[in-house]
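To start, the structure itself, in structure tokens.
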Amino acid sequence: MSRSTRLLFLLVTLLLLGCTKAVQKRENVDSFTLLTYNVDNLFDTKHDAGFEDFSYLPIEKKKAAHVQQYCRGVRVKKWRKQCYQLDWSHSAYRQKIRQIGRVLRFANADVVLLQEVENKRVLKDLLKKELNALGYDRPYLFPTDDKRGVRTAILTRLPVAQAPRGIGFP
């Protein structure tokens, strides 16, 4: 198990213990719901400096020489093809946000763990445009050492005893 995986497991465990204590203090509540969801590359349409997120750009931005050079270096044929050909347009991005929103509204979980979230911007878009009514006012986005910039996020509507170490934002 890698160091980052162990750290993530520890942080999630501590968060859940904190949520459990908070739930136990609320009247008439003895449980909470937890959902874990791999959102499969929830990327926006902008390049984040320092990360290799070129596969998830609109097709017109992929014509740039530095993007073409990056795509040529992708070793897995399927991913190289995606790097060259996937048109990650604003409408494709919005469709993905809408679909994830539908799943999360249906699940209506108290705590949601999301895997493969690119950045704070996409998490804010998801919360503002699709999940506003669910009360997830305690989102956390963890730092990453992944080359593409994928991160893990936590959404919760339960009080948390201590914020996890990550990039928390209201």
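Residues that are closer than 22 Å to Q95 by Cβ, out of contact with any Ser or Thr (no Cβ under 9 Å at 6 or more places or on another chain) and part of a loop (DSSP other than H, G, I, E, B) within the stretch 121-156 comprise L131, G149, listed in sequence order.
The selection criterion, being in contact (Cβ under 8 Å) with a residue 12 or more places away in the chain, of a type in the set (G, A, S), open to solvent by less than 50 Å² (accessible area, probe 1.4 Å) and farther than 18 Å from D53 by Cβ, holds for G135. Here's a check for you: in the stretch 105-124, which residue that is more than 14 Å from F43 (Cβ to Cβ) and not basic (K, R) is most open to solvent (accessible area, probe 1.4 Å)? Among those residues, the one meeting the criterion is F106.
Results for (1) closer than 13 Å to V111 by Cβ; (2) at pLDDT 90 or above, shown as yes or no for each residue.
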{"site": "L14", "(1), (2)": "yes, no"}
{"site": "Q24", "(1), (2)": "no, no"}
{"site": "N28", "(1), (2)": "no, no"}
{"site": "T33", "(1), (2)": "yes, yes"}
{"site": "N41", "(1), (2)": "no, yes"}
{"site": "T45", "(1), (2)": "no, yes"}
{"site": "F51", "(1), (2)": "no, yes"}
{"site": "L57", "(1), (2)": "no, yes"}
{"site": "V67", "(1), (2)": "no, yes"}
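Among the conditions (1) over 18 Å from D44 (Cβ atoms); (2) open to solvent by 20 Å² or more (accessible area, probe 1.4 Å), I154 misses just one, which is (2). Residue count for the stretch 79-104 satisfying the condition of being open to solvent by 10 Å² or more (accessible area, probe 1.4 Å), under 16 Å from the mean Cα position of the chain (by Cα) and without any contact (Cβ under 8 Å) to a residue 60 or more places away in the chain: 6.
Looking at G73 and the list (1) over 20 Å from D48 (Cα atoms); (2) at pLDDT 95 or above; (3) among the small types (G, A, S), which single condition is not satisfied? Failed condition: (1). Going by the structure shown, is S31 open to solvent by less than 80 Å² (accessible area, probe 1.4 Å) and in contact with a Cys (Cβ under 6 Å, 6 or more places away or on another chain)? When the stated conditions are applied, S31 does not pass them.
The values are calculated or read from the model by the stated rules, or taken from the named source; none is laboratory data. Just so it is clear, the structure is predicted and the values come from calculations on it, not from any experiment. Glycine also receives a Cβ, built like all others from the backbone with ideal geometry; neighbour counts cover every protein chain displayed. In case anyone asks, the SASA skips ligands and DNA or RNA and just uses the protein heavy atoms, side chains included. Shrake-Rupley method; radii C 1.70, N 1.55, O 1.52, S 1.80 Å.
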